[in-house]
Structure formats: structure tokens, C-alpha cells
Amino acid sequence: MLEHDRPITRAYVLHPDLKTDRTRRAADPALEEAVSLAAALPDLQVVGAEVVRLPKLLPGTLFGKGKIAELKDRMKAEEVELVLIDGHVTPVQQRNLEKAWDVKLLDRTGLILEIFSDRARTAEGVLQVEMAALSYQRTRLVRAWTHLERQRGGLGFVGGPGETQIEADRRAIDMQLQALKRQLEKVVKTRTLHRAARAKVPYPIVALVGYTNAGKSTLFNRLTGADVFAKDMLFATLDPTMRQIELPEGDKIIMSDTVGFISDLPTELVAAFRATLEEVLDADLIVHVRDISHPQTEEQSKDVMAILTSLGVADDAPLLEVWNKIDRLPSDDHDGIVTQAARTEDIFAISAITGEGLDPLLDAISEVLKDPRTADQLVLGFGAGKARAWLFDQGVVTGERQTEDGYVIDVFWTQTQARRFQKLD
């Protein structure tokens, strides 16, 4: 089915705001993000959205009877077909609410899975999303999902020709998961070979990271001349993209565009980030792109840094922070932000749309990547074949002699390479 032929589903977005949850996000920006998530699917039309204040969560229905009845009248008037709840919904709550409202229902995890399925392009991305969807379905067994019966983009949760209503069987899902894992192992092995070949290219890797919709792909396109899909939309980019570019001083680098991070990422999807995150782990420099015009820019920044810290990246590779979308700021705020960034080391205010501020950023990238090299001598045993091979792949070996116990190797390398060597098994 062609994308423009897909039936449009009328959707209603709800953000439960639990008063007793001290860690909850600000309700209005959270609802706005949830609506943006829904808008990322081409066959959804959001016909309404609201924050639902809750004194407590009811285990069977999430909301109280009065609120359920009130929402039912609203949904009937708007001819709603799908309700999107920005949070976790248990299988029991899902069944009860679907029955009460006579609609289909997706929670935050289900919606993000739909978006990832719609966007995945590489073989690994597709397999990871299918595995994540099966893992999600396995905990629910509300309706079946199989790859062969799916005829549309997405996972069939939203509706359309690919949906089935038969009850899923755990054993069948487990068998399918095992089959997908075997396929994935082959794909990962191939990508590992590609990465090993890339490691021999003597150019440093710069990874663009940031909250989803921060403008990474727009910046990537401007710097590389590539045509990566860039749109004012959450998760516009899913699969990692790499391009070689030449900096103003003539230095060549590899730039990597990555999937946007997001708060409360479903656990089932963490593995689906692996391809992108491995590119970040390999980076010589991380450029953290922030949408400085967003009202929640500080919270988004904390979410990104928490993920980078959990990966062990924040303490390894150097990091530059980019305050993007200054073109969207009022003139007074614009001037203040530009001044503040100029006074702060490793922060750059830019507009990826207009190109403002890019020259100082590129100069800083050049400067950071001029990592001073030092001469060291390493002693490796005969069993350290992988470590020895890695040194030669990196092109840092300047001399080697064999002893009774192993090898004495002279190297000339950067601090980044030295840190990576320490992390080798």
C-alpha cells in the first residue's frame, strides 16, 4: 500500500499527570511532545489532546469512572478511533479502556514502537524494531502481530490491512524472536566488519547527538551537503548516517548523524538504539546539539547527558555543546544567548537553518581534534593478539620487537586512542 493511500486514523492524546509523582515532567510540555510524537506518524490525525490530572492511578482502569465517562462523550463527538496515552498502560487497563471507549489504545511505548517501525531503513534497524515489538507484544498478548501478515508501514497497532485480532501465542513469539536474533547476529557481524574497515581510515569521527528534533540532521546536511531526511518532526532520523567532510583548515573528518534521544525511552527499544550508540562510542568528538528555543531545553539536555553517562561516553570523548535554532529566538533573547555562549568554553550558539555561528564551531572542532600525540612503549604477551592487531589497525605502531615473554611495541598515539586501548578486553 502506498503511503498516501493509507487510511487516516483519528487520534486523541492524553497525558496523565499524577499529583503524587514527584519525578513527573511538566504536564503541558509533556503533552506537546506527545502530540508531536503522534504527528510523526503520517496516517494519524490528532483531533484532540489534554492533560488529565490524577490524584492516584487506578490499577484496573487508570482513570476514575467519572473521567472515563466524560472522555467517552468527547471522543464520541470527535469520532475518535485511537487513544494515545503518554505513559505506561498495563494490559488490563488497556483492555478495560478500549472496551469502555470503543477505541483502540496505545501507550507511549506502543506509539514510539510504531514510529520506529515506520522509520527504520537499515537491515539492523528493522530487525531491532521487530524484536522490540515482539517483546512488547509478549507482555500483553492483546492482539497478534506477525511480520508476514503486516502489509503496511508500522506494526499494526494503529490499524490498517496488516492488523490481526487473534490471540498471540507466547511460544510462537519466542520462536520468532529466536529467528530474528539469528538474523540480527548475521547483520551485526557484517556491520562489525564495515566498522573495522572504517577504523583503518585515518580520519577522526565526530558524532552529532541530542534530543529528538534538536536539528541534528539539518546541521548534518548543511555541513556535509548530504540529503538526510530532516523535518520538524520527532524521530525524523532513525538509522545512523556517516559522511566524510573537509574542515576549513583542510582536515578531513567523518561526521555521524544519530537518532534523537528522548525521555522515558521504552526499555524494549534500548537495543534498537545500539547501531547508533555504537557509532557514538567510537567517536573522537561528541557534538551535543540542543534546541535552545525549546521551553524544556534544560530538561532535554539532562536526559541526553544521562544517556551518554550511562554509556560511559561522557567521561571518554571530548564534548562540544551547540545551542541550535537561535533563529527562532526573539531578538533580545537571541543576542543574550549568543553573548552567553561566546563567554562559555565549548558552547556555540548557531542556526543550522541560516548558517549563523557555524564558522566558530568548525574552528573548535578542528582544534579539539588536534589531539597531541605522545610516544609510549607497551609490553604485550603472546596471548594479546587482538590488542596487538588493534594497534596495527590504528596505525600507531612505530616499532616492535619480540622477546621470550611476548612483544615490546613502540606506539605514537593520541590520548583518545590510549583510553580506548585500556578498554580492550
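Tell me whether region 94-104 contains one or more residues that are assigned to a helix (DSSP H, G or I), touching a Phe, Trp or Tyr at 6+ places or on another chain (Cβ under 7 Å), in contact (Cβ under 8 Å) with a residue 12 or more places away in the chain and within 25 Å of Lys72 (Cα to Cα).
Checking region 94-104: not a single residue is assigned to a helix (DSSP H, G or I), touching a Phe, Trp or Tyr at 6+ places or on another chain (Cβ under 7 Å), in contact (Cβ under 8 Å) with a residue 12 or more places away in the chain and within 25 Å of Lys72 (Cα to Cα).
Which residue is nearest to Arg95 (Cα to Cα), if the candidates are limited to region 15-62 and must be assigned to a loop (DSSP other than H, G, I, E, B) and among the polar types (S, T, N, Q)? Among those residues, the one meeting the criterion is Thr61.
The rows are residues; the columns are (1) over 19 Å from Leu285 (Cβ atoms); (2) out of contact with any Phe, Trp or Tyr (no Cβ under 9 Å at 6 or more places or on another chain).
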| residue | (1), (2) |
| --- | --- |
| Arg343 | yes, yes |
| Ile347 | no, no |
| Ala364 | no, no |
| Gly385 | yes, yes |
| Leu391 | yes, no |
| Gln394 | no, no |
| Thr403 | yes, yes |
| Phe412 | yes, yes |
| Arg420 | no, no |
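Taken together, the residues in region 59-88 that are over 21 Å from Arg25 (Cβ atoms) and without any contact (Cβ under 8 Å) to a residue 40 or more places away in the chain amount to 13.
Taking the condition in contact with a Ser or Thr (Cβ under 7 Å, 6 or more places away or on another chain) and surrounded by 15 or more Cβ atoms within 10 Å (Cβ to Cβ), does Leu329 pass? Considered against the rule, which asks whether it is in contact with a Ser or Thr (Cβ under 7 Å, 6 or more places away or on another chain) and surrounded by 15 or more Cβ atoms within 10 Å (Cβ to Cβ), Leu329 comes out as yes.
One line per residue, one yes/no per condition, for (1) outside the structural domain of Lys252 (by TED's automatic domain parsing); (2) at pLDDT below 90; (3) in contact with a Cys (Cβ under 8 Å, 6 or more places away or on another chain):
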position: Arg328; (1), (2), (3): no, no, no
position: Asp346; (1), (2), (3): no, no, no
position: Gly357; (1), (2), (3): no, no, no
position: Gln377; (1), (2), (3): yes, no, no
position: Asp405; (1), (2), (3): yes, yes, no
position: Ala418; (1), (2), (3): yes, yes, no
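Scanning region 301-326 for residues that are loosely packed, with under 14 Cβ neighbours inside 10 Å and at positive phi yields a single hit, Gly312.
Considering region 300-326, the residues that are in contact with a His (Cβ under 8 Å, 6 or more places away or on another chain) and without any contact (Cβ under 8 Å) to a residue 40 or more places away in the chain include one that is farthest from Ile353 (Cα to Cα), namely Met305.
Restricting region 173-188 to residues that are touching a helix residue (DSSP H, G or I) at 6+ places or on another chain (Cβ under 9 Å) and of a type in the set (S, T, N, Q) leaves a set whose member that is nearest to Arg140 (Cα to Cα) is Gln176.
Contact map, region 366-389: first residue of a type in the set (D, E, K, R), second residue part of a loop (DSSP other than H, G, I, E, B), Cβ cut-off under 7 Å, separation 6 or more or different chains; pairs are Lys386/Leu424.
The values are calculated or read from the model by the stated rules, or taken from the named source; none is laboratory data. In this text, all values refer to a predicted model and were calculated from it rather than measured experimentally. Note: ideal-geometry Cβ built from the backbone for every residue, glycine included; neighbour counts use all protein chains shown.
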